[in-house]
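Below: one structure, written as structure tokens.
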Amino acid sequence: MDLILWRHAEAEELPEGTADARSDLERKLTARGDKQAARMAEWLDRQLPGSARILVSPARRCEQTALALGRKFKTRLELAPGAMPAELLELVQWPLSKTPVVVIGHQPTLGKTLAQLLRLVETDCAIKKGALWWLRTRERDGQVQAVVVTVQSPDFL
């Protein structure tokens, strides 16, 4: 299985004194974030097979990041800010899915999922805004392992 964890591109900050979940979900990409999403989407579109599923957090900034890819996607509440790695892995059917899955979401969910799959000592891994980690399963000695295929940042494309 191929799993691509893509953190949304740079978004507007929450206005001072605003801390409700609805306001957070409405934050949109900045001009820089639009450029990050476009660069990463151009690269990713060349790599992804047409059969790839794209699952996106309901946050506006994630949907805008997905729109840059120009492919159909599904918005999933299970990927909203604060989601747990177990929810993400169940949603994508890790490690059994036969089709590649792109998840566009948030920190710390993506970083915690990455740390769990790679069996890192730390329970979280930093993922830069707009960047992605591409993982693939393989079986070794009867164990399913996650292997890093590539890590891409929009700043280097």
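What number of residues in region 126-148 are under 29 Å from ARG60 (Cβ atoms), at pLDDT 95 or above and of a type in the set (A, V, I, L, M, F, W, C)? Outline the logic, then answer.
From region 126-148, those under 29 Å from ARG60 (Cβ atoms) are 126-135; that's our starting set.
From what is left, the residues that are at pLDDT 95 or above are 127-135.
Subsequent filtering for residues that are of a type in the set (A, V, I, L, M, F, W, C) retains 127, 131-135.
Qualifying residue count for the region: 6.
Tell me the residue from GLY82, GLY105 that is in contact (Cβ under 8 Å) with a residue 60 or more places away in the chain and in contact with a His (Cβ under 9 Å, 6 or more places away or on another chain), please.
Details: GLY82 fails: in contact (Cβ under 8 Å) with a residue 60 or more places away in the chain.
Every option except GLY105 fails the conditions.
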Single condition SER51 does not satisfy, out of (1) in a helix (DSSP H, G or I); (2) surrounded by fewer than 16 Cβ atoms within 10 Å (Cβ to Cβ); (3) of a type in the set (Gly, Ala, Ser)
(1)
Going through region 90-117 one residue at a time, which ones are assigned to a loop (DSSP other than H, G, I, E, B) and either out of contact with any Cys (no Cβ under 8 Å at 6 or more places or on another chain) or at pLDDT below 95 (or both)?
GLN93, TRP94, PRO95, LEU96, SER97, LYS98, THR99, PRO100, GLN107, PRO108
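Considering each of LEU79, LEU117 in turn, give the residue that is within 12 Å of the chain's Cα centre (by Cα) and buried (at least 21 other Cβ atoms within 10 Å of the Cβ).
Values: LEU117 fails: within 12 Å of the chain's Cα centre (by Cα).
Matching residue, one of LEU79, LEU117: LEU79.
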Return only the number of the condition from (1) crowded, with 20+ Cβ neighbours inside 10 Å; (2) touching a residue at least 24 places away in the same chain (Cβ under 8 Å) that GLY111 does not satisfy.
(2)
Failed criterion for GLN64 (all others in (1) part of a loop (DSSP other than H, G, I, E, B); (2) more than 16 Å from LEU3 (Cα to Cα) hold)
(1)
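The values are calculated or read from the model by the stated rules, or taken from the named source; none is laboratory data. This structure is a prediction, so every number in the text was calculated from the model and none was measured. We place every Cβ from the backbone using ideal geometry, glycine too, and count neighbours over all the protein chains shown.
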